[in-house]
Structure formats: C-alpha cells, structure tokens
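Have a look at the structure below, then the notes.
The values are calculated or read from the model by the stated rules, or taken from the named source; none is laboratory data. Given the structure is predicted, the values throughout are model-derived calculations rather than measurements. No Cβ is skipped: glycine too gets one built from the backbone with ideal geometry, and neighbour counts run over all protein chains shown.
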Ligand SMILES: [Zn+2]
C-alpha cells in the first residue's frame, strides 16, 4: 500500500521577555504586531541569523525593539535554541 504524502508548513517564533519588570510582556520578534509595527525581519535580518555562516547564536542581535504593551525600547542579544 502506498502512503499518502502531505506538505509540511514551518512555523517560527522568536520570543523575548520585555525587560520592563512592571510589564512582563512576551513578544515575538517576527510578529510586527508585537513590536509596535516594526518589521525587524526586513530583508531576512533575523531569519538569516538562525544559521550563522560565521560566529554563533551568541552573536544574534535585534536592535531597538519597542514593546507593544509598555513601549519600552530595548536590544536583543543572543538566540537560544
Ligand atoms: Zn513591555
């Protein structure tokens, strides 16, 4: 019996905690709605850092993220898998 084939869909989130202790927001860097309508993955800036040609995930950066809840602005450094 031949098995049926289905296609896979890839779903990725890059989650960060807002550094404002009073906020506690949990944000997806790949979701513009979470980052005050800024597309931080423009030209694949974030996705390309998932598989770095040189260096490591410690070098992952995303600058000037603005939390959608409290509007705190912060930088992201490092990516945990
Ligand atoms: Zn916040």
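Points to keep in mind about this one:
- The criterion of being at pLDDT 95 or above and in contact with a strand residue (DSSP E or B) (Cβ under 9 Å, 6 or more places away or on another chain) does not hold for residue 3.
Okay, residues lined up against (1) assigned to a strand (DSSP E or B); (2) within 14 Å of the chain's Cα centre (by Cα); (3) modelled with pLDDT under 95; (4) within 16 Å of the ligand (Cβ to nearest atom):
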| site | (1), (2), (3), (4) |
| --- | --- |
| 27 | yes, yes, no, yes |
| 31 | no, yes, no, yes |
| 38 | no, yes, no, yes |
| 48 | no, yes, yes, no |
| 54 | no, no, yes, no |
| 64 | yes, yes, no, yes |
| 70 | no, no, no, yes |
| 74 | yes, yes, no, yes |
| 79 | no, yes, no, no |
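- Within region 2-18, restricting attention to residues that are surrounded by 15 or more Cβ atoms within 10 Å (Cβ to Cβ) and in a loop (DSSP other than H, G, I, E, B), the residue that is farthest from the ligand (Cβ to nearest atom) is 14.
- Close pairs (6 angstrom Cβ cut-off, 6 or more residues apart or separate chains): free of Cβ contacts under 8 Å to residues at least 40 places away in the same chain and farther than 15 Å from residue 76 by Cβ in region 7-21, near the ligand (Cβ under 10 Å from one of its atoms) and part of a loop (DSSP other than H, G, I, E, B) anywhere: none
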